[in-house]
Amino acid sequence: MNIHFQDFRPVKEDTHADSRGRLTLGQIAKDKKYRVLVNDAGQVLLDPVVSIPERELWLWNNPEALASVQRGLQQAAEGKGRYLGSFAQYADLEIED
Amino acid sequence: MPSQLEFQPEAESTLELLKKTDLKKLKKVQKTLGLLERNPRHPSLQTHDFDSLTGPNKEKVFESYVENNTPAAWRVFWYYGPGAGVLTIIAITPHP
C-alpha cells in the first residue's frame, strides 16, 4: 500500500470520538467503505476499499480484458462513440456451436 | 423498444478484428448485438449488473453473454445512454 502523507490536509481540526469510538467524518466519508490502520503513534488511517463481487473477479484478475473495458469507458467519457448501423438483422441468426 | 447501439472505438476494433480472424465468433457477437438492440433483457443474453464498474457519469454497467453454456463465453459490456434509447457498447471481450 502506498501512503502519500504529503497529500493529507486537515478535514476537522478537533473532533472527539464517543464512548464507543465513533467519529462523524461528514461528506468526505459518506457511503464509503474503509480498511482501518493504526501506527505506533496512534495515528489512524482510513484506506478506502471497494468490494468486488466474486462473479466479477475474473475481469479484475485479467489485465487484458480489464484494460479493454477501461479503454472503452475512457473513450465513452471522451464522447468517442459512434453508431455503426442496426444489428437487428442478426438477432435471428441460427448459429451452430 | 429497440435501442440504438453506440460503439466505443474499443468495441468497434474488436468487431474489426473478428472480421479478420474469427467469422464464427463474429456472427455470435453480431447476434448478441442484434438481441441487445431489440431487447437488452432477452433471456439468452443473461444480462446482469456489473457492480464493480460504472459509466463515466455513474451509469450502471451491464454484462451480457455472447454464448450460452460455454465456460469461456465472450462478454459484452454496456450501459444505458447517452440519452434515451441509446446503449453504449463499452467493450467486447473474451472471458479467460
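Values for this structure:
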| quantity | calculated |
| --- | --- |
| Selection within the stretch B:15-35 - open to solvent by 20 Å² or more (accessible area, probe 1.4 Å) and either under 12 Å from the mean Cα position of the chain (by Cα) or more than 9 Å from chain A (Cβ to nearest Cβ) (or both) | B:GLU16, B:LEU17, B:LYS19, B:LYS20, B:THR21, B:ASP22, B:LEU23, B:LYS25, B:LYS28, B:GLN30, B:LYS31 |
| Condition met for B:PRO94 (surrounded by 13 or more Cβ atoms within 10 Å (Cβ to Cβ) and at the interface with another protein chain (Cβ under 8 Å from one of its Cβ atoms)) | yes |
| Verdict on B:THR70 being closer than 18 Å to B:PRO94 by Cβ, polar (S, T, N, Q) and not in a helix (DSSP H, G or I) | yes |
| Count of the stretch B:37-58 residues which are charged (D, E, K, R), facing chain A (nearest Cβ under 8 Å) and more than 23 Å from B:MET1 (Cα to Cα) | 1 |
| Residue within the stretch A:55-64 that is over 20 Å from B:GLY55 (Cα atoms) and charged (D, E, K, R) present | no |
| The one condition in (1) on the phi < 0 side of the Ramachandran plot; (2) in contact with a Ser or Thr (Cβ under 8 Å, 6 or more places away or on another chain); (3) open to solvent by less than 60 Å² (accessible area, probe 1.4 Å) that B:LYS60 fails to fulfil | (3) |
| Condition met for A:GLU78 (out of contact with any strand residue (DSSP E or B) (no Cβ under 6 Å at 6 or more places or on another chain), at pLDDT below 95, of a type outside the set (Gly, Ala, Ser) and exposed (fewer than 14 other Cβ atoms within 10 Å of the Cβ)) | no |
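The values are calculated or read from the model by the stated rules, or taken from the named source; none is laboratory data. Quantities reported herein were computed from a predicted structural model and do not represent experimental measurements. Positions of Cβ are generated from backbone atoms using ideal geometry, with glycine treated the same way; all protein chains shown enter the neighbour counts. All accessible areas refer to the heavy atoms of the entire protein, side chains included, with ligands and DNA or RNA removed. Shrake-Rupley method; radii C 1.70, N 1.55, O 1.52, S 1.80 Å.
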